[in-house]
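Inspection log for the structure reproduced underneath, given as structure tokens.
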Amino acid sequence: MAGTKNNHNEQGSDQNQNTKLPFEDADETMCDADVADDITSADYYFDSYSHFGNKKTFIFEASLIEMLKDVVRTKSYRDVIYKNKFLVKDKIVLDVGAGTGILSLFCAKAGAAHVYAVECSQMADTAKEIVKSNGFSDVITVLKGKIEEIELPVPKVDVIISEWMGYFLVYENMLDTVLYARNKWLVDGGIVLPDKASLYLTAIEDAHYKEDKVEFWNDVYGFDMSCIKRRAITEPLVDTVDGNQIVTDSKLLKTMDISKMASEDASFTSPFKLVAKRNDHIHALVAYFDVSFTMCHKMIGFSTGPKSRATHWKQTVLYLDDVLTVCEGEMITGSMTIAPNKKNPRDVDIKLSYSLNGQHCKISRTQLYKMR
Ligand code: SAH
């Protein structure tokens, strides 16, 4: 999995004390339906969301609680629905990856005609129970299975709602599942919630953690373990960055329109120019995203940026091979290429090129990273 570490700072709430969600090394897409009873690996993507009554219970609980307790995330969805009931009232809604069914419950409570809650993990059974105990069994139908494999009892839906975003926005590649559902079932003129997602880049001073995570390997009790250093650098780190560490401005890399985009649009190259706001040393670039629900009466959205309230997505830190010494006003130019890994589309390959032609530092380099 992409690396995690303790927080750079104490800004986060309890949720940030957790390690990253355990979506480890999924070699293929698997739902519970595919998983043999005696399976021992915790490495399957969908497995990480469920499994009661065995050793994975704690993993399930950690990720479930982490997501639900992420109030920025969950309250944003709730506000979208409750403050904009017109979006779902008397509508047929499809909840893609329903988990506990929380988004379906919001929609049902706001007056949806019917909600189809599709969830491929064992959690679908729990969602059924939750739906029943809250008295919504006649409005919400939980369907257990993969979106790509299930049959919906209706030909079209008016609204698709999903919380599909992964670390670095696209890690885990659940976006494809939402686009699949949109192409197959969304009625002409139907809406997708959320409908916009944007990825941003900035640069930070991070000497302390780079030393701890990367340079550490140069001399381990007198031995050279720098071969591990390479790996430490190529794996982006999911962590909370302190706003004070930010040295440059932030640049938008890409906005995706979930209601229109094609699956291929999630692979892209974006140029960037980051301008230093002070004299400092730069150790890493940091990516984060925001999402918005533009169909609301008054637009609602949230950001996972270092200056916003912490979320379970934290930020994604990409350490640089070099330390860039920048003077205020100098510019780091470059480009970032992002694409799902060809062998395992849930992994993300990142190519980062950057140049600085500054007073104290002249550098031009390309680095490859992999989120897995
Ligand atoms: N909607 C819930 C859960 C979000 S996590 C909430 O907001 O709290 C995403 C969920 O999507 C997980 O439970 C995962 O098992 C499910 N999921 C991922 N890919 C899926 C697919 N292809 N078909 C059905 N469910 C999927």
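The values are calculated or read from the model by the stated rules, or taken from the named source; none is laboratory data. Just so we're clear, the structure is a prediction, and the values are computed from it rather than from any experiment. Using ideal geometry, Cβ is built from the backbone for each residue, glycine included, and neighbour counts are taken over all protein chains shown. What goes into the accessible areas is simple: the full protein's heavy atoms, side chains included, and nothing from ligands, DNA or RNA. Shrake-Rupley method; radii C 1.70, N 1.55, O 1.52, S 1.80 Å.
A few points about this structure:
- In the stretch 167-199, the residues that are out of contact with any Pro (no Cβ under 8 Å at 6 or more places or on another chain), within 23 Å of Cys296 (Cα to Cα) and not aliphatic (A, V, I, L, M): Arg182, Asn183, Asp188, Gly189, Gly190, Pro194, Asp195, Lys196, Ser198
- Restricting the first member to the stretch 90-101 and to residues that are more than 8 Å from the ligand (Cβ to nearest atom), and the second to residues that are in a strand (DSSP E or B) and small (Gly, Ala, Ser), the beta-carbon pairs closer than 8 Å and six or more apart or on different chains are Asp90/Ala112; Lys91/Ala112; Ile92/Ala112; Val93/Ala112.
- First in the stretch 135-155 and without any contact (Cβ under 8 Å) to a residue 12 or more places away in the chain and more than 23 Å from Ala110 (Cα to Cα), second anywhere and assigned to a loop (DSSP other than H, G, I, E, B) and within 8 Å of the ligand (Cβ to nearest atom), Cβ under 7 Å, 6 or more apart: none
- Residues in the stretch 123-135 that are open to solvent by less than 10 Å² (accessible area, probe 1.4 Å) and within 11 Å of the ligand (Cβ to nearest atom): Met123, Ala124, Ala127.
- Among (1) under 20 Å from the mean Cα position of the chain (by Cα); (2) at pLDDT 95 or above; (3) surrounded by 16 or more Cβ atoms within 10 Å (Cβ to Cβ), the one test that Val71 misses: (3)
- Selection status of Val142, more than 14 Å from the ligand (Cβ to nearest atom) and among the aliphatic types (A, V, I, L, M): no
- Cross-chain or 6+ apart pairs with Cβ under 6 Å, the stretch 217-242 first and free of Cβ contacts under 8 Å to residues at least 12 places away in the same chain, then open to solvent by 10 Å² or more (accessible area, probe 1.4 Å) and among the small types (Gly, Ala, Ser): Asn218/Ser226
- Where strands (runs of 3 or more DSSP E) sit wholly within the stretch 284-347, those with at least 2 residues that are crowded, with 23+ Cβ neighbours inside 10 Å occupy 315-326, 331-340.
- Criterion violated by Glu172 - all others in (1) touching a strand residue (DSSP E or B) at 6+ places or on another chain (Cβ under 7 Å); (2) away from the ligand (no atom under 13 Å from the Cβ); (3) closer than 22 Å to Thr74 by Cα satisfied: (2)
- Residues that are in the same structural domain as Tyr354 (by the TED database) and open to solvent by 30 Å² or more (accessible area, probe 1.4 Å) number at least 3 in the following helices (runs of 4 or more DSSP H) confined to the stretch 143-245: 207-213, 226-234.
- Residue within the stretch 107-118 that is touching a Cys at 6+ places or on another chain (Cβ under 7 Å), more than 9 Å from the ligand (Cβ to nearest atom) and not acidic (Asp, Glu) present: yes
- Matching residues, the stretch 74-122, being surrounded by fewer than 24 Cβ atoms within 10 Å (Cβ to Cβ), over 24 Å from Thr304 (Cβ atoms) and either small (Gly, Ala, Ser) or not assigned by the TED database to the domain that holds Phe136 (or both): Ala110, Gly111, Ala113
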